[in-house]
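Asks: Have a look at the structure that comes next, please.
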Amino acid sequence: MDSPQSVTPREQGRIITQFIREEGERLRKKYSWLKHQNAIGLTIFISSTTIMILSAYACWLGYLHPVALVITNGIAASLLHELEHDMIHGLYFKDTWVERLMMYGVWIFRGNTPNPYYRKKIHLLHHKDSGQVTDIEEQMIGNGMKFGIARLLTMFDQNLSFLINARRVAKTAPELNPKEMALASFPGMWLYYGALYAFAAIEILLLIGSSLPYLTAIQPYTRLLFWAYVLPNFIRQGSIQLISSNMHYFGDIAPGKDGLVQQTQILRPWWLWPFQLFCFNFGTTHGIHHFVVNQPFYLRQMVAFRAIPFMREHGVRYNDIGSFWRANRYRATAAI
Ligand SMILES: [Zn+2]
Ligand SMILES: [Zn+2]
């Protein structure tokens, strides 16, 4: 077997890529249902959106506790997020009206993300330039920033992230156009933040004793929207951004295939499980995706059982918590 010392990082990357590809092919042969990729994608889309609506209705009728609603819808919305990412890589109904419908569907049901076609642009750039100062997607969620208040705000709030980061990142990432990014927030993020601010305004006005009669009539609706849509998506997006921005390395790794093995770590300490729950185990599996992009998210999870030990053996770091305090630098001594 090749030991990590005897081969170049580029060669290690090639060996891991081949293993992941072959493991995917082995599973596709073993489980013939995996062939029906379009049908699987559409089924996940229809069931996740239906679950989000039905659980909201069940809560409205008093059959489901609001906390259960938040958890259910957070997980359902996280599957929609995975579908969007798969569609960015053209894995379901490529270039058809069904894909367009699903792209807008997964956006509206999450809201707090940019237009999926804009995300496609910056995500494909992320694959090309991962860990470099030209990568937009990861820097906009805090990757590469020192730990502190600004980083925490960036990881958990898209609006503040834009205010804190857009101009700074645009200086090193020529493809970032702040105006284009702002326009990509319409209408999804407007819907999302509209629902959030309406909820907050009504709660505060009633709390301070406002006697406007229609406020109490609207309150049950804004509360339901908050429990069914706003809070689940806040938790979902916060979870994926916390994990994603910390499992990618930044700033001191080789570009392209030479840096492939160093682009990500496998991040899965037990205390991150509440967050992994809302992002389909992203910390464990996203590294696999950097090597092979054409496996749908559920197949990637199946591949993970054999791929993770193999990746560790071949030089991919595992639970490098220290990177949290190194602003995600690969080396402890790198300048920040
Ligand atoms: Zn990535
Ligand atoms: Zn991707």
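Asks: Which pairs have Cβ atoms under 9 Å, sit 6 or more apart or on different chains, and link a residue in the stretch 164-179 that is free of Cβ contacts under 8 Å to residues at least 12 places away in the same chain to one that is surrounded by fewer than 19 Cβ atoms within 10 Å (Cβ to Cβ) and in a helix (DSSP H, G or I)?
Replies: Between residues of the stretch 164-179 that are free of Cβ contacts under 8 Å to residues at least 12 places away in the same chain and residues that are surrounded by fewer than 19 Cβ atoms within 10 Å (Cβ to Cβ) and in a helix (DSSP H, G or I), the close pairs are R167/P178; A170/P178; N177/A170.
Asks: Hey, another quick one. Determine whether Y192 is surrounded by 15 or more Cβ atoms within 10 Å (Cβ to Cβ), under 21 Å from I108 (Cα atoms) and at pLDDT 95 or above. It would help to see each step written out before you state the result.
Replies: Values: surrounded by 15 or more Cβ atoms within 10 Å (Cβ to Cβ): yes; under 21 Å from I108 (Cα atoms): yes; at pLDDT 95 or above: yes.
Criteria met by Y192.
Asks: Please verify whether V230 is more than 28 Å from Y63 (Cβ to Cβ) and assigned to a helix (DSSP H, G or I), treating the condition exactly as stated. Lay out the reasoning, then the answer.
Replies: Values: more than 28 Å from Y63 (Cβ to Cβ): no; assigned to a helix (DSSP H, G or I): yes.
Judged against the criteria, V230 is not a match.
Asks: Given the condition of a type in the set (A, V, I, L, M), more than 16 Å from ligand 1 (Cβ to nearest atom) and touching a residue at least 40 places away in the same chain (Cβ under 8 Å), answer yes or no: does some residue in the stretch 107-117 qualify? Talk me through it step by step, then tell me what you get.
Replies: Looking only at the stretch 107-117, we keep the residues that are of a type in the set (A, V, I, L, M), and these are 108.
Filter once more, so that each one left must be more than 16 Å from ligand 1 (Cβ to nearest atom): 108.
Narrowing further to those that are touching a residue at least 40 places away in the same chain (Cβ under 8 Å): 108.
Yes, the stretch 107-117 contains at least one residue that is of a type in the set (A, V, I, L, M), more than 16 Å from ligand 1 (Cβ to nearest atom) and touching a residue at least 40 places away in the same chain (Cβ under 8 Å).
Asks: While we're on this one: I'd like the full set of residues that are part of a helix (DSSP H, G or I), of a type in the set (A, V, I, L, M), surrounded by 15 or more Cβ atoms within 10 Å (Cβ to Cβ) and out of contact with any Lys or Arg (no Cβ under 8 Å at 6 or more places or on another chain), limited to the stretch 1-53.
Replies: Within the stretch 1-53, I15, I16, I20, L27, I40, L42, I44, I51, M52 qualify.
Asks: Right, here's the next one. State the number of residues belonging to the stretch 264-300 that are among the aromatic types (F, W, Y), away from ligand 1 (no atom under 12 Å from the Cβ) and in contact with a helix residue (DSSP H, G or I) (Cβ under 8 Å, 6 or more places away or on another chain). Show your work before the answer.
Replies: First, pick out the residues of the stretch 264-300 that are among the aromatic types (F, W, Y): 270-271, 273, 275, 278, 280, 282, 291, 297-298.
In the following step, the residues that additionally are away from ligand 1 (no atom under 12 Å from the Cβ) were identified as 270-271, 273, 275, 278, 280, 297-298.
Now restrict to residues that are in contact with a helix residue (DSSP H, G or I) (Cβ under 8 Å, 6 or more places away or on another chain): 275, 278, 280, 297-298.
Looking only at that region, the number is 5.
Asks: With respect to S185, is the statement that it is over 23 Å from the mean Cα position of the chain (by Cα), part of a loop (DSSP other than H, G, I, E, B) and not acidic (D, E) true?
Replies: Working: over 23 Å from the mean Cα position of the chain (by Cα): no; part of a loop (DSSP other than H, G, I, E, B): yes; not acidic (D, E): yes.
So S185 does not fit the description; no.
Asks: Now, a different point. Output the residue which, of all residues in the stretch 118-149 that are polar (S, T, N, Q) and away from ligand 1 (no atom under 11 Å from the Cβ), is surrounded by the fewest Cβ atoms within 10 Å (Cβ to Cβ).
Replies: Residues of the stretch 118-149 that are polar (S, T, N, Q), as a first pass: 130, 132, 134, 139, 143.
Checking which are away from ligand 1 (no atom under 11 Å from the Cβ) leaves us with 132, 134, 139.
Numbers: Q132: 22, T134: 18, Q139: 28.
Restricting to residues being polar (S, T, N, Q) and away from ligand 1 (no atom under 11 Å from the Cβ), the top hit is T134.
Asks: Could you pull out every one of the helices (runs of 4 or more DSSP H) wholly within the stretch 82-160 that has 3 or more residues that are within 14 Å of ligand 2 (Cβ to nearest atom)? Give the derivation first.
Replies: Details: elements: 97-108, 116-129, 149-156.
Because the criterion is at least 3 residues that are within 14 Å of ligand 2 (Cβ to nearest atom), the helices (runs of 4 or more DSSP H) in the stretch 82-160 that meet it are 116-129.
The values are calculated or read from the model by the stated rules, or taken from the named source; none is laboratory data. These figures come from a predicted structure and were not determined experimentally. Heads up, the Cβs are rebuilt from the backbone with ideal geometry, glycines too, and the neighbour counts pull from every protein chain shown.
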